[in-house]
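Encoded as structure tokens, the structure appears first; notes follow it.
The values are calculated or read from the model by the stated rules, or taken from the named source; none is laboratory data. Owing to the predicted nature of the structure, the values given are computational and were not obtained by experimental measurement. So basically every Cβ, Gly included, is an ideal-geometry build from the backbone, and we count neighbours across all protein chains shown.
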Amino acid sequence: MPHSAKLTQGSTFKHVVSMSATGALGLMCLFLVDLVDMLFLSILGEKEAVAAVGFASSIMFFTVSLSIAVSISATALVSKAIGQGNIELAKRRAVNVLAFGVFFSTAVVWFLWPNIPHILLYIGATGRTLDLATEYLQILIMGMPAVMIGMIGSGIMRALGDARRAMYATLIGGLVNAVLDPIFIFAFGLGVQGAAIASLIARFSMVAVSYYGVVHIHKMLGEFDLMDFFKDAKSIAWIAVPAMLTNLSSPLANAIVMEHTATFGDDAVAAVSVIGRVIPVVFGGLFALSGAVGPILGQNYGAGRFDRMHSTISSAVVYAFAYCVALCVVLYQAQDWLVSVFNATEGSAELIRFFATFVSFSFFFQSLLFIAIAVFNNLGKPLNSTLLNFARATLGTWPLIIVFSFFMGAEGVLLGQAIGSVIFGCLGFYMAKNYLAELEQKAAGEIVPPHPRAFEDML
């Protein structure tokens, strides 16, 4: 299959919509694993089981964020090489990022597994909820290398502009999980353990699908050479490590929110757990923006098309606004259904309705931050993404939820987090626009952009 820089041609809005829509389906199916687990477990009528999945999912979101971070490195490196027309370099980077991801994810599993009970206890899980969350997470964490491979494979295919096949790995994983969940939970009577086993099998199904797309369809893996790997490891880490830190900020914010919510009781925790599982499914099209915009920017940066890079950012904002308006209306109309389908108690139902009515539109401003992250990760300043996201997770979360929860109770936790997203979304987007303008001016004046030497050598 020819590896042309297809994202340097045609409508940027069409590329944004296509890449975002397919990326959203993939991400939604990835997070749908947790939502399906929670949905089936809620049928058992045991709120501790639902709360357990909520606590465990905070940790799983951390591991998924690491996988997404390494896939960002794959997308940035491969898309830039494709834009420059250097196919052999793209293949070499692809295989070395995969190797990097496997080594790294294995090390993370080795570190996390024995410490799972202590981590869950720290973020507020106690009693039977702690026991169930530990059982669930100790099984599911074993699938992290599979998630890593699947996400990197999707990142490579997105870098090529093959958005459709990029979503297949996570799409198949979500479908496999939906089929196996009722079998293991109800037919085998395994409860929380059954949900974890079904999710683990689903994650391994992602490997086969991504391998087929990258290797057999696109033939994008070069031969692995240990010396080349060591040479490329620095270049991979230059993007992957800041991206990991950037993505870790979201689970950090979630952990802060969950810890503070726990002070309001299990009903509040169960509500935030449901909201946390609904968000990626409903707003998956926004969460996918960074991964969608990244390869478009990367290919056009390699080709020197700054006009198309500006157009890509504008198209992403239009898409995000339209998507958010439409989905917020749907979420508002569906709030009673959500309360019913998750068997929410009266206390939980109030929080779910408050989120659907007042808080949900803050995700448009969060999408501005996603666009900014794509700019910085793919154009040579990944540390800016890290600083912005950690500022949002700390300064934009902790003080605000403390103040608002003092006056509003558990609802103030949700509102405080939303206001932080508005502030840092606007700030990040402003910074990204200015940075892109600086790059364009320096390119026009034939001045080398002030990137670190490692990044210049990498690209």
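Yes or no, residue by residue, for (1) under 24 Å from Met244 (Cα atoms); (2) at pLDDT 90 or above; (3) among the hydroxyl-bearing types (Ser, Thr, Tyr); (4) in a helix (DSSP H, G or I):
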| site | (1), (2), (3), (4) |
| --- | --- |
| Phe365 | yes, yes, no, yes |
| Ile371 | yes, yes, no, yes |
| Cys426 | yes, yes, no, yes |
| Ala432 | yes, yes, no, yes |
| Lys442 | no, no, no, yes |
| Glu456 | yes, no, no, yes |
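Residues Asn247, Asn300: which one is within 18 Å of the chain's Cα centre (by Cα) and among the polar types (S, T, N, Q)?
It is Asn247.
Which residue pairs have Cβ atoms closer than 9 Å, lie 6 or more positions apart in sequence or on different chains, and pair a first residue in the range 286-299 that is within 20 Å of Gly380 (Cβ to Cβ) and without any contact (Cβ under 8 Å) to a residue 40 or more places away in the chain with a second residue that is assigned to a helix (DSSP H, G or I) and among the polar types (S, T, N, Q)?
From the range 286-299, no pairs qualify.
Quick check: anything in the range 69-84 over 21 Å from Asn300 (Cα atoms), of a type in the set (Ser, Thr, Tyr) and touching a residue at least 24 places away in the same chain (Cβ under 8 Å)?
No, the range 69-84 has no match at all.
Of the conditions (1) buried (at least 24 other Cβ atoms within 10 Å of the Cβ); (2) out of contact with any Leu (no Cβ under 9 Å at 6 or more places or on another chain), Trp238 satisfies every one except a single condition; which number is it?
With respect to (1) buried (at least 24 other Cβ atoms within 10 Å of the Cβ); (2) out of contact with any Leu (no Cβ under 9 Å at 6 or more places or on another chain), Trp238 is out only on (1).
Within the bounds of the range 301-309, is there any residue that is of a type in the set (A, V, I, L, M), buried (at least 22 other Cβ atoms within 10 Å of the Cβ) and closer than 25 Å to Ser362 by Cβ?
So far as the range 301-309 goes, no, none of its residues is of a type in the set (A, V, I, L, M), buried (at least 22 other Cβ atoms within 10 Å of the Cβ) and closer than 25 Å to Ser362 by Cβ.
Checking the condition of a type in the set (A, V, I, L, M, F, W, C), free of Cβ contacts under 8 Å to residues at least 60 places away in the same chain and buried (at least 17 other Cβ atoms within 10 Å of the Cβ), which residue from Leu414, Leu368, Leu327 passes?
Being of a type in the set (A, V, I, L, M, F, W, C), free of Cβ contacts under 8 Å to residues at least 60 places away in the same chain and buried (at least 17 other Cβ atoms within 10 Å of the Cβ) holds for just one of Leu414, Leu368, Leu327, which is Leu327.
For the range 228-254, what are the residues that are among the hydrophobic types (A, V, I, L, M, F, W, C) and closer than 18 Å to Leu387 by Cα?
Result: Ala237, Trp238, Ile239, Ala240, Val241, Ala243, Met244, Leu245, Leu248, Leu252, Ala253.
Pick from Asp131, Asp162: which is surrounded by fewer than 17 Cβ atoms within 10 Å (Cβ to Cβ) and either within 30 Å of Gly213 (Cα to Cα) or more than 21 Å from the chain's Cα centre (by Cα) (or both)?
Details: Asp162 fails: surrounded by fewer than 17 Cβ atoms within 10 Å (Cβ to Cβ).
That would be Asp131, the only listed residue that is surrounded by fewer than 17 Cβ atoms within 10 Å (Cβ to Cβ) and either within 30 Å of Gly213 (Cα to Cα) or more than 21 Å from the chain's Cα centre (by Cα) (or both).
Matching residues to (1) within 30 Å of Gln84 (Cα to Cα); (2) modelled with pLDDT of 85 or more; (3) assigned to a helix (DSSP H, G or I); (4) not acidic (Asp, Glu):
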residue: Leu286; (1), (2), (3), (4): yes, yes, yes, yes
residue: Gly304; (1), (2), (3), (4): yes, no, no, yes
residue: Ala320; (1), (2), (3), (4): yes, yes, yes, yes
residue: Ser340; (1), (2), (3), (4): no, yes, yes, yes
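When you look at Ala270, is it of a type outside the set (D, E, K, R), within 21 Å of Thr345 (Cβ to Cβ), surrounded by fewer than 24 Cβ atoms within 10 Å (Cβ to Cβ) and in contact (Cβ under 8 Å) with a residue 12 or more places away in the chain, yes or no?
So Ala270 fails the test.
What do you reckon, is Val192 modelled with pLDDT of 85 or more and part of a helix (DSSP H, G or I)?
Judged against the criteria, Val192 is not a match.
Restricting attention to the range 250-260, report how many residues are crowded, with 21+ Cβ neighbours inside 10 Å and either modelled with pLDDT of 80 or more or more than 16 Å from the chain's Cα centre (by Cα) (or both).
Result for the range 250-260: 4.
Can you pull out every residue in the range 303-318 that is under 19 Å from the mean Cα position of the chain (by Cα) and small (Gly, Ala, Ser)?
Residue satisfying the conditions is Ala316 alone.
Looking for whichever is surrounded by 19 or more Cβ atoms within 10 Å (Cβ to Cβ), hydroxyl-bearing (Ser, Thr, Tyr) and in a helix (DSSP H, G or I) here; the options are Thr246, Thr263. Which one fits?
Exactly one residue qualifies, and that residue is Thr246.
For (1) under 14 Å from Ile275 (Cβ atoms); (2) in contact (Cβ under 8 Å) with a residue 24 or more places away in the chain; (3) not hydrophobic (A, V, I, L, M, F, W, C), each residue gets a yes or a no:
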residue: Ile313; (1), (2), (3): no, yes, no
residue: Tyr319; (1), (2), (3): no, yes, yes
residue: Gln335; (1), (2), (3): yes, no, yes
residue: Phe355; (1), (2), (3): yes, yes, no
residue: Ala372; (1), (2), (3): no, yes, no
residue: Gly396; (1), (2), (3): no, yes, yes
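If only one of Ile68, Ile116, Ile82, Ile87 is closer than 30 Å to Ser348 by Cα and either touching a helix residue (DSSP H, G or I) at 6+ places or on another chain (Cβ under 8 Å) or crowded, with 23+ Cβ neighbours inside 10 Å (or both), which one is it? If you could, list the steps in order and put the result at the bottom.
Working: Ile68 fails: closer than 30 Å to Ser348 by Cα; Ile82 fails: closer than 30 Å to Ser348 by Cα; Ile87 fails: closer than 30 Å to Ser348 by Cα.
Going through Ile68, Ile116, Ile82, Ile87 in turn, the sole match is Ile116.
Can you tell me how many residues in the range 179-222 are among the hydroxyl-bearing types (Ser, Thr, Tyr), surrounded by fewer than 17 Cβ atoms within 10 Å (Cβ to Cβ) and touching a residue at least 24 places away in the same chain (Cβ under 8 Å)?
1
Here is a yes/no grid of residues against (1) buried (at least 21 other Cβ atoms within 10 Å of the Cβ); (2) over 23 Å from Leu414 (Cβ atoms):
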position: Val281; (1), (2): no, no
position: Gly291; (1), (2): yes, yes
position: Ala322; (1), (2): no, yes
position: Val341; (1), (2): no, no
